[in-house]
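The values are calculated or read from the model by the stated rules, or taken from the named source; none is laboratory data. In this text, all values refer to a predicted model and were calculated from it rather than measured experimentally. Here the Cβ positions follow ideal geometry from the backbone for every residue, glycine too, while neighbour counts run over all protein chains shown. Keep in mind that these areas ignore ligands, DNA and RNA; they rest on the heavy atoms of the full protein, side chains included. Shrake-Rupley method; radii C 1.70, N 1.55, O 1.52, S 1.80 Å.
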Amino acid sequence: MPIVNIQLIEGRTAEQKEALINNVTDACVESIDCTPESVRILLSDVDVQDFGVAGESVARRRADKTS
C-alpha cells in the first residue's frame with residue numbers, strides 16, 4: 001500500500017487538491033502496478049510563515065515582491 005505525503009504552501013483550492021490526489025493516484029497505479037484503492041495520500045498545508053526559501057520565509061518573500 002503506497003502512502004504519499006505531500007506538503008504544500010497554503011493557498012490551493014479544493015479543486016486543485018482533488019486534481020492532485022487524482023493525478024498522484026494515477027501515477028502510483030501506473031508506476032508500481034497497485035490498485036487505486038490501495039493508494040493513500042496525505043496533503044498538508046504549510047503556512048507561508050512556516051516555510052523558508054533562501055534564508056527567509058515565503059511570507060516575507062511575497063511581501064517584498066508586492067512592495
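Some values worked out for this structure:
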| item | result |
| --- | --- |
| Index of the failed condition, ASP64 passing every other in (1) at pLDDT 95 or above; (2) exposed (fewer than 10 other Cβ atoms within 10 Å of the Cβ); (3) part of a helix (DSSP H, G or I) | (1) |
| Residues (under 18 Å from PRO2 (Cα atoms), in contact (Cβ under 8 Å) with a residue 12 or more places away in the chain and open to solvent by 90 Å² or more (accessible area, probe 1.4 Å)) located in the range 12-41 | ILE32, ARG40 |
| Unmet criterion (only one of (1) at pLDDT 95 or above; (2) loosely packed, with under 12 Cβ neighbours inside 10 Å; (3) not in a strand (DSSP E or B)) for MET1 | (1) |
| Residue check for ARG12: part of a loop (DSSP other than H, G, I, E, B) and not small (Gly, Ala, Ser) | yes |
| Any chance VAL53 is open to solvent by less than 80 Å² (accessible area, probe 1.4 Å) and either of a type in the set (Ser, Thr, Tyr) or out of contact with any Leu (no Cβ under 8 Å at 6 or more places or on another chain) (or both) | yes |
